[in-house]
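First comes the structure, then the notes that go with it.
Read-outs: derived from the displayed coordinates by stated rules, not from any lab. None of the values given here were measured: they were computed from a predicted structure. Ideal geometry is used to build each Cβ from the backbone, glycine not excepted, and the neighbour counts take in all protein chains shown.
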Amino acid sequence: MTIHWNSFSEFLAMGGYGVYVWGSFGVNALIMIVEPIVAIQRRKSLVARLKRQSRATDRNKEQ
Amino acid sequence: MNNRLINWFKFASPQSFYPLAGKMIPWFAALAVVFGVAGLWLGMVVAPTDFQQGEGYRIIFIHVPASWMSMFIYLVMAFWAALGLAYNTRLSGMMAQALAPTGALMAFLSLWTGALWGKPMWGTWWVWDARLTSELILLFLYIGFIALQASIDDPRRADKAGAVLALVGVVNIPIIYFSVKWWNTLHQGSSVSLTKSPSMAALMLWGMLLMALCFWMYSIAIALYRARSIMLERERGTEWVKEVLAAEGQGVSK
């Protein structure tokens, strides 16, 4: 299990394929970070909206 | 009805599936991170250079898992769709709807990483070859499913329409999978097959399998999370959703 790279800059260069390799991994990472954030945001706004609606129906019942 | 049947149907109701999914999500998310770190370590740090493709081959560690997931998620989606059409269960449509966006993103990732791999290796970002074209059609099927469901207001009718589209589109999955065998394509054959031993070095293979497990766990976690939101939205006004909402305000997740 030895480390394959001699230096960090060599790791970044990816033997000349850096743009392609990091372009792939970068977009992948972006998607896997943004997708959960969007899902969490949507859930938060959904819960807030459902609470408002249920409060409104409760008020209507009381009147 | 025997007991087993009753238990099975118990979890098919959103009311009992909701808390179960809530308990499972952190585990799947944690496993995704563990498998991801291990896979990236093996694939990006330890694995040796490929004798043909140099370091450029390392795109395989996300390209293959994303492609597998894009096909597998579609099959699961179609399975739920068929179940929904046959038994009219509430959960089925919610699961299919929850899976579609992640499937679409996986199909996009497969095409994106494929283009970035194709450019240095084949000299082109894109060719209209069987494997690439059928994967593009898969992306369009996902987008079509999402758009169709979004365009119909009544959720039960949206589920039915989406289910029919999902089932018709299943024909595309074997076409993608076998395209490299059936037609002469630029795309290389499968690196891993069930019938013969893999044509990859052991370290590379393990890196790829760990990344595939990471993508699995990620997909399950995010789909369950989305399914929970869909359940709340669709079942709003019921007692159990009111209880969930009440608990949510006190910082207690249920």
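How would B:HIS63, B:HIS187 line up from fewest to most surrounding beta-carbon atoms within 10 angstrom?
Exposure proxy ranking, most exposed first: B:HIS187, B:HIS63.
Applying a 10 Å radius around every beta-carbon, put B:170-176, A:39-45 in order of their mean neighbour count, most first.
Put in order of decreasing packing, that is B:170-176, A:39-45.
Is the shape of the protein assembly as shown best called rounded, prolate or oblate, per the rule: a/c under 1.5 gives rounded, else a/b larger than b/c gives prolate, else oblate, with a ≥ b ≥ c the square roots of the Cα gyration tensor eigenvalues?
Here the protein assembly as shown falls in the prolate category.
PRE reach from A:LYS51 (point 7 Å along Cα→Cβ): which of the stretch B:234-249 fall under 14 Å by backbone N?
Label zone hits: B:242-249.
Rounded, prolate or oblate for the stretch B:58-232? Axes are the square roots of the Cα gyration tensor eigenvalues, ordered a ≥ b ≥ c, and the cut-off for rounded is a/c under 1.5.
Cα axes put the stretch B:58-232 in the prolate bin.
Mind counting lysine pairs for me in chain B? Cα separation below 25 Å, and the two need to be 8 or more apart along the chain or on different chains.
Taking the Cα cut-off of 25 Å, the pair count is 9.
Peptide B:181-187: average number of partner chain Cβ atoms within 10 Å per residue?
0
Could you list B:TYR142, A:TYR17 so that the one with the fewest beta carbons within 10 Å of its beta carbon is first and the one with the most is last?
Lowest to highest Cβ neighbour count: A:TYR17, B:TYR142.
Suppose only helical runs count, i.e. DSSP H with n ≥ 4. What mean residue ellipticity at 222 nm does that imply for chain B under -39500 (n - 2.57) per run, divided by all residues and rounded to the nearest 500 deg cm²/dmol?
-25500 deg cm²/dmol
Counting other C-beta atoms within 10 Å, which of B:TYR87, B:TYR57, B:TYR74 has the fewest, and how do the rest follow?
B:TYR87, B:TYR57, B:TYR74
Could you give the size of the charge dipole of the protein assembly as shown about its Cα centre, using +1 on the Cβ of each K and R and -1 on the Cβ of each D and E, expressed in debye and rounded to the nearest 20?
Its charge dipole is roughly 1080 debye.
In the stretch B:58-232, with Lys and Arg counted as +1 and Asp and Glu as -1 at Cβ, which of these residues, B:HIS63, B:SER179, B:ALA163, has the Cα nearest the positive end of the dipole, that is, farthest along it?
B:HIS63
Which residue fluctuates most in the GNM of chain B (Cα springs below 10 Å): B:GLY123, B:GLY22, B:GLY56?
Ranking B:GLY123, B:GLY22, B:GLY56 by mean-square fluctuation puts B:GLY123 first.
With the cut-off at 1.5 for a/c, could you classify the stretch B:33-143 from its C-alpha gyration tensor as rounded, prolate or oblate?
Verdict is oblate for the stretch B:33-143.
Counting partner chain Cβ atoms within 10 Å of every residue's Cβ in B:61-68, what's the average?
2
Taking every residue in B:219-225, how many Cβ atoms of other protein chains lie within 10 Å of its Cβ, on average?
Across B:219-225, the average partner-chain Cβ count within 10 Å equals 2.
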